[in-house]
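Some notes on the structure that comes next.
Taken together, the values in this text are just the output of simple stated rules run on the coordinates, not laboratory data. Every value quoted in this text rests on a predicted model; they were computed, and no experiment measured them. Reconstructed Cβ throughout: ideal geometry from the backbone, glycine too, with neighbour counts over all protein chains shown.
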Amino acid sequence: MKRFLSAVSVTCLVASVSWAQEAADGVAPEMGSVLSMQVPESLQNSLKSKISGEPTKAKDWMVAAAHPLAVEAGAAVLRDGGTAADAMVAVQAVLGLVEPQSSGLGGGAFLVWYDAQTGEVTTLDGREMAPLAATPRLFLGRDGEPLKFFEAVVGGRSVGVPGTPMLMQEAHRKWGRSQWPSLFDAAITHAEEGFTVTPRMAASVARDAERLASHPVTADYFIPNGAPLAEGRQLDNPEYAASLKMMAAQGAAPFYTGKIAADIVDAVQNASNPGVLTGVDLALYQVKERPAVCMDYRAHDVCGMGPPSSGGLTVGQILGLIQPYDIAGLGPDSAEAWRLIGDASRLAFADRGRYMADNDYVPVPSVGLLAADYLAERAKLLDGSAALESVAPGAPEFDHALHYADGESYAQPSTSHISIVDSYGNALSMTTTIENGFGSRVMTNGFLLNNELTDFSFRSHRDGVPVANRVEPGKRPRSSMAPTIVLKDGKPSLVVGSPGGSRIIGYVAKTIIAHVDWGLDVQQAIDLPHLVNRFGTYDIESESAAMEFGEPLTGMGYKVNARDLNSGLHAISVGRRLQGGADNRREGLAYGE
Ligand code: GLY
């Protein structure tokens, strides 16, 4: 595909569309960005690679993340003999400072881990949890209709129990080698001495200024003296430094039973649109180790995050549905390849909307959804040459009685992704989030609190039939985050993930297909323009070569929508050497030695 062609007309024909899902996608995304920021001297080669479209190469270890200072902190840990889990702690601590709109100590994350010693893949679920006092009506108005998105998001109502601090501690406890307190050094230094506000952060603040102004603590930080933080400004965050020092000294405990926990409860209960979170909710929180969800795809094992994320199952279904077709032979320039991928994605999203939720509350047919015979039968639906007129959930094999209605939730394109391979051969893929850009806009102790509860379906029932992803006390909202490790012959071959709301699934699937089927290196696979279809409308990346597909896809019967698709893919391929790629659509880098 050639990049940057002029726009072609992208008028609409109707393929069947789920009105509710389409409406739920109507809210504007988090800001994209161009790379025009200060990069530490030691990472200049990575910057050159990224700009030239070459992967970054290394022998022993590599880290790819959304901000150069976070990459620098992770690299220092890996260089000193730390593991990928150690490096993740350092990376996350810095990201919470320099990319506060996307992830942080007030949010949640999912982590996929390949253990070089055992050869096994496992996952950690650090997803936020609904308070015990939350009910299925949390996001319904007095009239029983769903609230408007930002009415639900801004304030205390949307805040779930954060999982990220405990996940950092748990990953270090299981797989770390470095001294825990040392992992916070870089973040504390930057928080005390200041860092440079990036173009993306400044643009995000400017765009959200009105909502950020609605909470005084948040306004003081992001809009000091009434002026949104400008690009290039030096910004310190002494309160964040104090939180990190407490975490370095005491672990995650202060966030769940200590001073910070009390401040979180106070902030949530006294915010506008107050929430029902209590100290008991925080004290009860646990990170859960869960089995990875793996899909056999063209002699690879694609392993990702199972419920409460829909990421692993939906990426797995897309790959399983295109498996019978010659995607490699068709190649990335073929509209037919994108028809197959797009309609496979629609079929997978139909199952996602019906069946996927927190399986500690709802029996999710995870095995049935990835069963070879189920997918082979469903793949026959793709046999034609035009867009499917309508798409409905299938009937996977299931060992519980089941009757659910389709959900209606908004998953916003915020979030951040970290990929790391260490010198011991371990691999880590972690997607981390506070949900919407700037989360709930409620801030305490130098970090923002998430609005993750709005990842639940706002509508609890349809015609008396419950939605699987409805709010329930203590439940975790369904996610689209898809941290993934692809294995070949039992060893990691690709570590990948992205932010991007429910489009994460399409971004990750595309990158795997581009690498496995089309033989692109990681940077080429990331750079390949996006075409994503979830609910009928084919989103194609504006100002890219994807625009060439507007006419052929329209001719096949798709409604086509050209738009900014700001993924933030970070990937590492593992072969004789490590090769890293970072998404040009955001500000991250890959670096290794
Ligand atoms: N809040 C983004 C996700 O979990 O999918």
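Below, the figures for the structure above:
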{"read-out": "DSSP-loop chymotrypsin sites (Phe, Trp or Tyr not before Pro) across region 302-401, with at most 14 other Cβ within 10 angstrom", "value": "PHE398"}
{"read-out": "Alpha-carbon Debye profile of region 263-303, log10 I(q)/I(0) at 0.14 Å⁻¹", "value": "-0.55"}
{"read-out": "Principal axis dimensions, largest first and in whole angstrom, of the chain by Cα", "value": "60, 58, 48"}
{"read-out": "Mean Cα-pair separation over length for the chain, i.e. relative contact order, pairs under 8 Å, 6 or more apart, %", "value": "28 percent"}
{"read-out": "Exposed-loop-free span, longest in the chain, where trypsin sites (Lys or Arg not before Pro) count as exposed if DSSP calls them loop and at most 16 other C-beta atoms lie within 10 Å", "value": "299-575"}
{"read-out": "Set LYS174/LYS488; LYS174/LYS475; LYS59/LYS491; LYS245/LYS475 screened for pairs whose C-alpha atoms are more than 23 Å apart", "value": "LYS174/LYS488; LYS174/LYS475; LYS245/LYS475"}
{"read-out": "Rounded Å value of the spacing that divides the Cα centres of region 438-478 and region 500-535", "value": "27 Å"}
{"read-out": "Spin-label model distance (nm) - ALA253 vs GLU551, 7 Å beyond Cα toward Cβ", "value": "6.8 nm"}
{"read-out": "Karplus-derived 3J(HN,Hα), 6.51/-1.76/1.60, for each residue of region 186-197, Hz, glycine and proline x", "value": "4, 5, 5, 4, 5, 5, 7, 8, x, 9, 8, 5"}
{"read-out": "Semi-axis lengths (Å, descending) of the ellipsoid that matches the C-alpha gyration tensor of region 463-593", "value": "27, 23, 14"}
{"read-out": "Per-q log10 I(q)/I(0), region 279-429, q = 0.08, 0.09, 0.18 Å⁻¹ (Debye; single scatterer per alpha-carbon; no solvent)", "value": "-0.28, -0.35, -1.21"}
{"read-out": "Region 142-292 - Rg over Rh from alpha carbon coordinates, Kirkwood radius", "value": "1.00"}
{"read-out": "Distant alpha-carbon pairs in region 206-346 (separation over 22 angstrom), percent", "value": "66 percent"}
